[in-house]
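Engineer: Have a look at the structure that comes next, please.
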Amino acid sequence: MRAQTTRNHFDANPGEPVTANDRTRFDIPALVDHIVERYHRTHLRELPYAIGLARSVEELYADDPNCPIGLADHLTAMAEDLDAHQWREETMLFPMLRIGTPHCLNFVTRRMMEDHIDTELQIIRLRRLTKGYRPSFEAPFCWQALSALCRKLERDLREHARLEDEILYAMLPT
Ligand SMILES: [Fe+2]
Ligand SMILES: [Fe+2]
């Protein structure tokens, strides 16, 4: 029951957004659990579906001047990078955070935040390839669904990074 109440506070949508000033309301293990379940697992579950959909759209509508050529490969690269980044967090940083807030983690958290900057650059390319997630009104349903999935991916990635950069990592001693 307590875990459910805590998770609702972490979600940016719906409800009031979590800000860095709120971080004293949370304990680190609960926040780590939320990030892993809500974001790590969700990204890796949804990305393969988006990649498959992108491959179909690229094959079926290659002649369309708005076809997002290269999107499937870009999503594949994003999935690989994200898998590696999340593995680093789940095997190196998060286990240490669960047992305390040691002072020796600055180097590791800096590396994770650099990964987040790389992800931000990938999001910019994702937006460009999908033309801002706005297919034409006549675009077939699979293309519309692909755009919606990519839009959700951006929203999830941004909130995921924000929770880590502004709250989880901000709780660590410097
Ligand atoms: Fe993460
Ligand atoms: Fe991260």
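Engineer: Condition test on R23, is it in a helix (DSSP H, G or I), at pLDDT below 95 and charged (D, E, K, R)?
Structural biologist: Numbers: in a helix (DSSP H, G or I): yes; at pLDDT below 95: yes; charged (D, E, K, R): yes.
Answer is yes for this residue.
Engineer: Of S136, S147, which residue is surrounded by 12 or more Cβ atoms within 10 Å (Cβ to Cβ), of a type outside the set (D, E) and more than 16 Å from ligand 2 (Cβ to nearest atom)?
Structural biologist: Details: S136 fails: surrounded by 12 or more Cβ atoms within 10 Å (Cβ to Cβ).
Answer to the selection: S147.
Engineer: Looking at (1) within 15 Å of the chain's Cα centre (by Cα); (2) touching a residue at least 12 places away in the same chain (Cβ under 8 Å); (3) within 13 Å of ligand 2 (Cβ to nearest atom), which one does T42 not meet, given that it meets all the others?
Structural biologist: Just one mismatch for T42, condition (3).
Engineer: Which members of the stretch 66-96 meet the condition of being of a type in the set (G, A, S) and either away from ligand 2 (no atom under 14 Å from the Cβ) or over 15 Å from the mean Cα position of the chain (by Cα) (or both)? So that I can check it myself, show each step before the final result.
Structural biologist: First, the residues of the stretch 66-96 that are of a type in the set (G, A, S): 70, 72, 77, 79, 84.
Once the filter is applied, which keeps residues that are of a type in the set (G, A, S) and either away from ligand 2 (no atom under 14 Å from the Cβ) or over 15 Å from the mean Cα position of the chain (by Cα) (or both), the stretch 66-96 yields G70, A72, A77, A79.
Engineer: Could you identify the single residue in N13, N66 that is part of a loop (DSSP other than H, G, I, E, B), at pLDDT below 95, closer than 30 Å to C142 by Cβ and touching a Ser or Thr at 6+ places or on another chain (Cβ under 9 Å)?
Structural biologist: Details: N13 fails: touching a Ser or Thr at 6+ places or on another chain (Cβ under 9 Å).
Just one listed residue meets the conditions, N66.
Engineer: D115 versus (1) away from ligand 1 (no atom under 16 Å from the Cβ); (2) crowded, with 16+ Cβ neighbours inside 10 Å: which is the lone unmet condition?
Structural biologist: (1)
Engineer: Pairs under 7 Å by beta carbon, first residue more than 15 Å from E37 (Cα to Cα) in the stretch 84-97, partner more than 11 Å from ligand 1 (Cβ to nearest atom) and outside any helix (DSSP H, G or I), six or more apart or different chains?
Structural biologist: M96/P102
The values are calculated or read from the model by the stated rules, or taken from the named source; none is laboratory data. No experiment lies behind these values; they were computed from the predicted model shown. No Cβ is skipped: glycine too gets one built from the backbone with ideal geometry, and neighbour counts run over all protein chains shown.
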